[in-house]
């Protein structure tokens, strides 16, 4: 019984270390007032920078989450030591912050009625929920 409890506790600890899928990461609040003095051009440039970084971080985070899911399946079914190779470093905090920055920038873009040419501003990655 003690071995079963210990194994369950070890698995629970390892599962909590899994990388989170990017769509499950909620935005951290970033105050729009940070960007209130920025011009429309600056806001659009910042939006583009954020979107490029989100795209990069999302790809990394998604790969980590998928790898962790595969390692969990292998570890639970075939070889439990594989659970020790799951991601320990994900980019959940950075992605949450970037989503919050995006929301803050967009709030200012709307408030200032900035005109955004379709090809001038980067589009939010389709596979990432804001």
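If residue 123 satisfies every condition in (1) assigned to a loop (DSSP other than H, G, I, E, B); (2) over 13 Å from the mean Cα position of the chain (by Cα); (3) buried (at least 16 other Cβ atoms within 10 Å of the Cβ); (4) at pLDDT below 95 but one, which is the exception?
The one condition residue 123 does not meet is (3).
Checking residue 83 against (1) modelled with pLDDT of 80 or more; (2) surrounded by 14 or more Cβ atoms within 10 Å (Cβ to Cβ); (3) part of a helix (DSSP H, G or I): exactly one of these is not met. Which one?
The one condition residue 83 does not meet is (1).
Scan segment 32-56 residue by residue and report those that are more than 13 Å from the chain's Cα centre (by Cα) and free of Cβ contacts under 8 Å to residues at least 24 places away in the same chain.
Within segment 32-56, 33, 37, 39, 41, 42, 45, 49 meet the criteria.
Counting only residues that are in contact with a helix residue (DSSP H, G or I) (Cβ under 9 Å, 6 or more places away or on another chain) and farther than 11 Å from residue 101 by Cβ, which one in segment 24-42 is modelled with the lowest pLDDT? If you could, list the steps in order and put the result at the bottom.
Keep residues of segment 24-42 that are in contact with a helix residue (DSSP H, G or I) (Cβ under 9 Å, 6 or more places away or on another chain), which gives 24-36, 38, 40, 42.
Applying the additional criterion that residues be farther than 11 Å from residue 101 by Cβ yields 24-26, 33, 36, 38, 40, 42.
On the way: 24: 79, 25: 84, 26: 90, 33: 96, 36: 95, 38: 96, 40: 95, 42: 95.
Applying the filter and picking the extreme gives 24.
The values are calculated or read from the model by the stated rules, or taken from the named source; none is laboratory data. Keep in mind that what you see is a predicted model, and the values were worked out from it rather than measured. Cβ atoms come from the backbone with ideal geometry, glycine included; neighbour counts cover every protein chain shown.
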